[in-house]
Structures are given as C-alpha cells and as structure tokens.
1. Which order do A:M232, D:M251 take by accessible area at a 1.4 Å probe, largest first?
2. Ordered shortest first, which distances in nm separate the 7 Å Cα→C-beta label point of A:P113 from those of the other copies?
3. Anything losing 10 Å² or more of accessible area from the isolated chain to the full protein assembly: pick those residues out of the stretch D:24-38, probe 1.4 Å, ligands and DNA/RNA ignored.
4. Could you state the number of Å between the C-alpha centres of the stretch B:278-296 and the stretch D:1-50?
5. Nm distances between the label at B:P237 and the same-position labels in the remaining copies, 7 Å along Cα→Cβ, shortest first?
6. Excluding same-chain pairs closer than 8 in sequence, count the lysine pairs in the protein assembly as shown whose Cα atoms lie under 18 Å apart.
7. How much of C:I22 can a 1.4 Å solvent probe reach, expressed as accessible area in Å² and rounded to 10?
8. In nm, what does the list of distances from D:T124 to its counterparts in the other copies look like, shortest first, when each label sits 7 Å along Cα to Cβ?
Number of protein chains: 4
Amino acid sequence: MQSLSNWGRWGADDQRGTLNLITPERTRHALSLVREGATVSCAHRVSYEGAADVPRPPQHYMLSSGDGYRPGEGPDRQACSDYIGLVFHGHIITHIDSLAHFFWDGRLYNGVPAQRVSTAEGATSHSVEAARTGIVTRGVLVDAPMLRGVHFIERGDGVGLEDVARAEAQCGFKIGEGDVLLLRTGQLGQRERTGPVDPYRGGSSGPLPELLPLIHERGVAVLGSDTGNDVMPTGYPRFTNPVHQVGIVGMGLWILDNAWLDDLAEACQARKQWEFAINILPLRLSNATGSPVNPVAVF
Amino acid sequence: MQSLSNWGRWGADDQRGTLNLITPERTRHALSLVREGATVSCAHRVSYEGAADVPRPPQHYMLSSGDGYRPGEGPDRQACSDYIGLVFHGHIITHIDSLAHFFWDGRLYNGVPAQRVSTAEGATSHSVEAARTGIVTRGVLVDAPMLRGVHFIERGDGVGLEDVARAEAQCGFKIGEGDVLLLRTGQLGQRERTGPVDPYRGGSSGPLPELLPLIHERGVAVLGSDTGNDVMPTGYPRFTNPVHQVGIVGMGLWILDNAWLDDLAEACQARKQWEFAINILPLRLSNATGSPVNPVAVF
Amino acid sequence: MQSLSNWGRWGADDQRGTLNLITPERTRHALSLVREGATVSCAHRVSYEGAADVPRPPQHYMLSSGDGYRPGEGPDRQACSDYIGLVFHGHIITHIDSLAHFFWDGRLYNGVPAQRVSTAEGATSHSVEAARTGIVTRGVLVDAPMLRGVHFIERGDGVGLEDVARAEAQCGFKIGEGDVLLLRTGQLGQRERTGPVDPYRGGSSGPLPELLPLIHERGVAVLGSDTGNDVMPTGYPRFTNPVHQVGIVGMGLWILDNAWLDDLAEACQARKQWEFAINILPLRLSNATGSPVNPVAVF
Amino acid sequence: MQSLSNWGRWGADDQRGTLNLITPERTRHALSLVREGATVSCAHRVSYEGAADVPRPPQHYMLSSGDGYRPGEGPDRQACSDYIGLVFHGHIITHIDSLAHFFWDGRLYNGVPAQRVSTAEGATSHSVEAARTGIVTRGVLVDAPMLRGVHFIERGDGVGLEDVARAEAQCGFKIGEGDVLLLRTGQLGQRERTGPVDPYRGGSSGPLPELLPLIHERGVAVLGSDTGNDVMPTGYPRFTNPVHQVGIVGMGLWILDNAWLDDLAEACQARKQWEFAINILPLRLSNATGSPVNPVAVF
C-alpha cells in the first residue's frame, strides 16, 4: 500500500488520482491513432433479471408507454418514458469506480477520512464527479485467452505479468502513461453462453495484484477488465479485494468493472491492432461512488 | 410530418434514424479537428432534490458507506456503494431520447406500431440500444445569447433560423451531415442562478419548429440544447412537442435534452471556435426510451 | 363467470364487491367471539433477497443509520430512517388484491373498462382505497393438511370442496356471510424449510375453482391462503388464474395472497377452535391494485 | 430521559417497550367497547406528488395495466400490478415508528448500541417486527380544536396537559394502561384545505414534551397525532425531537405519526364518545425502523 502510494502526488486536495496522468497531450495523441472512425462499445447490456450474480436486479418501470394508445387520442398520450434504478457496483453492470468506492483503515485515497462518504449524503468527497470532463485517451487490450490459446481464463485464475509481457511482445504496443489498460479474460462472454455464476461461491478471474507495481510504474490511468477486477478467492487474508484496495485507496487508480470486451477483442483481431482511442464518460452524478458507463473504443 | 419524413430511407427495420448520417468518415473527420486534447462536459449535475421543474427527484441511497467504519474492523467493511434511480426524461437531467420516446397516430418512427413500447416490457423496438456504439462526430454550437447580445433567451421565445444564419456567418462553421447541432439558450444556467421554474406554467425556450426543414436538409444527426427542446407554450394546438414529434417520429432524429452548455460556450468563446469533436455515449440500457448521458466535447 | 356474477348487485358504481357483505353486524359479531385478547399475525416476513419465487426482490435502503454515530455528535445525527420499495403481487409477500388486479375481456368487476387502470395513473378505478375502512370480521381456517393428516398439500394439488366439508364437520364452524375464509396448504411453511420453488416451473397448491360457487353462495367476503391462490398449472386453457379471474372480475371477491398460516394453525389447534376475529387493514394507497398487509387474528 | 426511563423494565432483551402494556386483558376489554361494528380509517391517503412537506415523494409505477389491452388478447394480458416505494418517515405518510427510529448518545432504547441499526443491514435490533402481532387495544381521542373551540391548533403551538385534563373532564374517558392516545390538532386537515407547509420553515403543532410524565405514569402504549409528533421549533436546544427522543429511546414508546384524525373526530362527535377499539397493524418488514399503517378505529 505504501510503496505504490500516490497520496500527495497531485496535491492534498486531489480527487482525480491517476486521471491526472491523462494530459491533453495524451488525449490528442490517442485521437491521432484513429484511422477509420469505427466505434466499438465495451458495455455489457443492462437487463432487469435477477441471477446468481445479480442479487439486486436493476429496475425498469414505464411511466407511460405506447401499448395503451387508441386512435384519436390526443398528442399528450403519445409519449413514452421510463424509470431506471440500479446498484451498479457488483459483477454484471459495466461501471467505473470513483475513488470513494473503497477506503482502508478509515481513510480514502489521499488520506481523507472515510466518514466523508456518509449514509445520509453519499460521497461528499471523491465523488465520480471528479471525472466529469470524461476519460478520452489511449486504450490497449491484453487479450489473455487469445495469448494463451484458450477460450477463457478459468475462475480463480488471474491475468498477470506474463500475459502483459506476452501482449507487449506480440501486439505492437507498450503500456504507457495515461493509458486505459483493458484485460480480457473472456469470463463475461462465457457467462453469457453457459449461465451466471455467483462469484462468492464459484470464484472469479481478474487482474492479479502482481500487476499493481507495473500499473504504477507505467502510469496507467484506468484499469479495466471483463470481471469485477479482483480474482476470487483472493488468497490474501487481509484483503477482500486487493486490486481495488491498493489501487483505489493507495494509488488513486480508477477501475472499470465488468466491461464487455468480446466485441473489442474481435475488432482488434480483425485489424491486428490492440491499441485504440477510448472514451469513458461517467454520468455527472453528485456524491456517487461511481457510475454506469458505456466505454467506446474508436479505431 | 410527411415532407420531412425519413421513413424507409435506411430500410424498413432501421432504428438508428439520423445516426445513420454519422459515417466512419464523419467520425474520423471530427476527431481530426482536435488540436489540444481539451475536454469539456456538457452534462448538468444530477442532484437529488425535488423542485418546481423536478416533480420526481432522482433517488440516491447508500448500501454501505464510510461513516460507520470503526478502527480495527475488517476489510469487508471498507467499501461504499450506492443505489441510483431516476426518471431521466423531463426538464433537468441531461439525456438523449431514443426513437421510442414519441409516437404519432399510433406509430413510432419508420411506421412501427406504438404497442411495441409496452408497459410490461418497455421499448422492445427503438430502444436506446440502437445507439450503443456511441455518437462520436462533429459538434457545432449556436450560442444564441452571445449572437443576440443578451444574457439568455427568455422563456417562451425560441432559437430559430435567424440565430443559425448568424452563427454560420460569424462563427466559422456550416452545419453539415452527421453533426450534433447544439443550441444554447442560457436557460439552464439562468435557472441555476435564479431558481427553478415549472415549464408548464412559466414556459420554456428551445429550438423553434422552423428549424426542422434545415435540420433535415443539412442532415443533422443529433439536435441538442440546454432546454427540454420544445418552446413552451408551443402555439401549435395539435402538437404538444412539435420538435420532438416531427423530429423523433418523422425524421428519426435523436434529441439531446437539458445539456449544460455554459462551460462549452465559454470554451468556444475562449478559442473563437464553435466546432469541436463531441462524444455522446448512451448507456446500454435494454428496452429504454433514452439514457442519461454526459456529452463531452473535445477541442 | 356469468352464473357467479355480482355485477350490479351493489349498484353500478360499486368498487367494494364482496366487502359489502361485511355489515357492522358481522363486525360486531366477530369481535364478540374474542375471549382472550390473544393476537396472531398472518403475515409472511418481508425480506429483501431475490429467489426462484422472488424475481423482483423488495428494496430496503437506509437514509440514515446508527452505525455512523460518534460520541458528541449532535441530536440531528441520532435518527434512523429507511426507504422501502416493493412489488407486492407475486408469490411471497402477504398482500390483498384490490378489484383492479384482474380484468376479463377488457372489463373490470362491475363492467368498468380496463383502461381505467392505466400505466400513467394506475388504478383510477377499483383502487385498494375502496377498502380503506378496513376488513374487521370473522375468520375461519380450513387447515387442509391437518384434516388430511399430511404435512402439506403438494404443489399441483388444490384445496377443494371435500376439505371444506371436512372442516365444517370437524372444526365447529359453518362458513357464512362476510367471512374471511382462510385455506391452509402448508406450502409457504414448507418453502421456508426446504427452499424456494418457482411456481411457474414447480407448480403451486391453492384453492380449487370448484370452491367458487360455494364461496358465492355462502357470501364469503375475502378468500385467503398461504399460496398465490391459484393452483398451478391450472388445467384450464382459457384461464391463467381461474380463482382470481372469476373471483375478482366476476364476483368482486377480495383475495389475500401468501398469508402466513402456520402460526394461526397452531393457535387454532391449541384452542380446538377454528374461528376468530380477523383484521386486515390495507394501506390507503391511492390508485393501487392492492396492498401489502399484516392480517391479525384475535382469539 | 432518566426519570421516565423504562430501560430494563421488561427485561434486558426487550424490544417491545410500551407495547408490553397491552395485555390480552386490555385487548379483550377494548373489543368489548364495540357496540356497532362501525370502522373508521385514521390513515392519510398516500399520493405520489412532491410538495413543500414531501421532499421525497412516494413512487408508484405500473408493471402492467389495463389500458393496453386489446380485444382478443390472451388472459395473460389481463392482470395489473404495481411497484410502490416510499420513505414513510417524515410529515405526510401515516406510519408507526419502531424503537429503532431514534437513539441517544449512541444508545437505542434499553441500552442497545446504535450500531445495531446499520446502513448495510438496517435495524438488526428494534425492528418494527417487534410489533408483528399487531396493536389491538383501546384508543382515546383528545380533540384539541374542539375542546378549545378553534378550527385547528396553530403551527408552533402544542397540545399539552391542559387539553388532556379538559378531555378527561368532558369526554368521558380517563387515559389508562395500554391505551393508544390520539391527539388531534387539525393540522393535517388544514394542510389539505390550504396547502402544504414545510415544517422546518413554517413550524408544526404536535404533542408538548410536558405530556411525557403523564404518558409514562398512565402507561400509554402508543402516542399518535395528526402531526409529526414534535412541536417545531422545539425550543429545546439539545433536542431536535424531544417527544421522539425521550419517548422512543427512554420510554420505549411507540409513536404514530401523521394520522388522519378528522374522520375519527367526526365519528366521536356524532356519538359523543371519545373512546373506541383501535387496530394498528404494522407490516412485517424485516429490519425496518417503522411501517406505513392504516389504523382503524371500531365503534
């Protein structure tokens, strides 16, 4: 926690953490990579069913709909609208964690007391609003199943340094400052094919904690994968979520959970190119510990 | 409704409407405009208070927070998470309407029966998912108060052809195919300064219906403003929301409501440049009539 | 549907249906049965977990709680409050159906058009408010497993005329006008012991449609059981829920779903008395198709 | 707080507080008062609009409704159901507070640590479930406006010992053990006629703290009124809600907020009788700090 700490690095009041590494220059450079103008969504479809890995299903109710319309009714009857409610944290919805999502020994990133995230008011510090100008930078994909020649990484197994080394050797990119580092395990795609698994019973793949020093050293701005971003079980008795705990609290690292990376992997494969511009635009939710997002890669 | 119709133009099954006008070439071109890598959010901050123009306030509840933590408690107590629920349509939350939001005489855009948007299942057609790959294209800003030399456009008054003509004459752009056309009235900023107004009683500014033929002719992909995008009262007895009704149902036009354009206006003014790349990335919500968004302009 | 119809019986505007059978005299008589003043709840505990028979779990969020309090903090920090949200219909929450819950061929009870229950406004007719003065009358329990000498009635099997005849012969009561007729299957208790079952796959016990003529003839005011009150599968191709459809729409019968009858059965058994006063007090929810309740029997 | 304390009176584990005073004998006696079988609701209608005194309006959404039905559609389309969500605490919904609603210096009633009411799990102690067998006892009404010859008690003014003394002198009852004591101010009725008032700005009537010793001495089981049950402003710097704080935490007193007492007052007046049986049946909500209720008086 100490050796990788970014506390104080960007000032005592900083709430942006590793997003500070995305300079205008990095944004400009990322967009200069775009040759085609092709866009690919990295969001998992939000549905409204409960499942083994969805204990609190999102809610969707219609306030008005079209099936009640009858010929001749006035124009005020001709609109549809809906209510959407969700707990985005968890293992199914594509979302980004703000730096308010985890704390350690009573402190948030940069030493702020955890009480600042209160039941009554929410994240009065470290809200996702710190990312309101958006994340527009370079993304790189480490497609672990492709690199290992398997369909997907097994639950309980993680993506680590070896996978990254292999990706850098074979995929034409070197992870650098301000990047969104995406690690594909294939787990979410496998879940769509074979059904939901409760990660607290059946385990989960994800990034291995051994990646954290490299993430720190290289200056990764956002870490994402098609998992909840912690291998389960963790094997560390003191940490329930080592990547989140050291990453968010120590490093001020922004983490993208449950990204849908199968379409992106295909797009990379088709082009033999594993770097791209990526846009992650969190909603401007006041006092929130994160936001559902639809990250879009551009080639 | 007829003369501006795009029904059938992109095939009988089309649900993307004017988003079809954003070709990869347009996306690529938009990104080529970026010189600095500076990003500006066009989202209004989501808060949770009711008001005269917020009859159904968004909900925000914490499932776990930091204020209950006590020294020595285990790591499983060191995470915060929240529930967010909202009716995004209305006059306060920045959101994009999918083509399921309005229908006319029982038909959605492209002639699909309105029953396809049902109470039980939501938008089984024309869901916002049609925009899941994101809107990445050129944006242009018509800053009406600046052009007219006023602080804001009065409620009941609209932005129309004259404002657009003036913008094209003075601001160095010509509205073209695939553009996101943003009209600033200053109304939302004025609301922040002087307090909420119920638009059903106090009226609203917005784009005038006279713009629709120009929007059609030029091939605008998305129309947005810092209002609910229909002048109130409308003056048309048969239409409660002429811009939405002709735009969405007839033209398949995607509409961005309640954008926060004051920061953008300042950024444009500072650069004397009213065109930019813009990213609007709707959440991948199944069967929904739109999505809250955080549109981000890049200079 | 026709032969059991109560349409028009209590006037063209009636929305109370069989509750009209609970006269002050019946209420007075029921209370005169009370000898001890002992009360027994017939409500199933509302919890917040999803399950095979709970696709949309109730929601419970705290707006303020006690675990964040620190010595010395002011009195405004010393209160706890919560948000509760639920879909009460279904197979788990004890609730009463108003006459707006079902319709048939486009008509609610008493011939009112089904459109009166609208997506935008809810039950503008036949709301549960019709029962706002409460249901205070005699209850009788037909304890089918006791009468048959089994632990519970199997899913797919129903409680019918023979069970009622046996109860009347052995339990010292005759079902009469204004009664709340409770049928115990033991299914809900069995569910607590052996786990949830999706009734759409695993079936359900409940009252058999053959009871409807007797219910009509005797003037039962409320029918309840520890099930969703329709045997599943029904065996009737034209009816998904014959007891609800004929009962609610035709007879104006109020139905109590998912009552917790195991404690009541024990209380009856201990006293060798299967009649009692019962109070069912629906919340005064405007435009609602029913209400969660906590029915309380008094001996 | 000390002199009125009931801590330990009914055992170290007690969570029922003053409900212990409602013995079967009291219940039996209350029901013996019933002469007519006439029932009167004391619940305020739950509607779904925000207002000055309703910052978080209840939610009501339809999952299925009748306005979409078309002739010939199958029986599975012939049911209506709804979602109801609410924050019942506050100044508008008739509800009962459990003993988890307030704490003092970190302790709930009977000395239990306030942490037992947690953000993550809710009221793991002192939940409203403690009242699951219902409150069936004698109610008495102190109709303060009637006794004073005014239309309603002004906001800021309270109901106190003098009103109670007058009621006992003129209305034929003496407050006794196990009673539900209802104090009518007329404030809620006045609100219906002249519009909502934010009690934090415009004040509130309610029971005066001077009543607490009498409530203690006489053994009142439940205190209710047609207000939020604390005069606002309170005039006590250390107490935001003296009646709630001393009542709930010290005495274990159950409090009924926002009861609708105008119909009851009329029923009492008509009979010249201000005592009656009353039923208050809280929903069996696990881990909740109270419940919306529909209290029903029986004459």
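1. A:M232, D:M251
2. Inter-copy label distances (nm, one decimal, shortest first): 1.9, 6.2, 6.2.
3. Going by heavy-atom accessible area, the residues of the stretch D:24-38 that drop by at least 10 Å² are D:P24, D:T27, D:R28, D:L31, D:V34, D:R35, D:E36, D:G37.
4. 50
5. Output for B:P237: 5.2, 6.6, 8.1 nm, nearest copy listed first.
6. 4
7. 30
8. Distances between equivalent label points, in nm: 2.6, 4.5, 4.8.
The values are calculated or read from the model by the stated rules, or taken from the named source; none is laboratory data. In this text the structure is predicted, and so the values were computed from the model without any measurement. Cβ: placed from backbone, ideal geometry, glycine included. Neighbour counts: every protein chain shown. Surface areas here come from the heavy atoms of the whole protein model, side chains and all, with no ligands, DNA or RNA. Shrake-Rupley method; radii C 1.70, N 1.55, O 1.52, S 1.80 Å.
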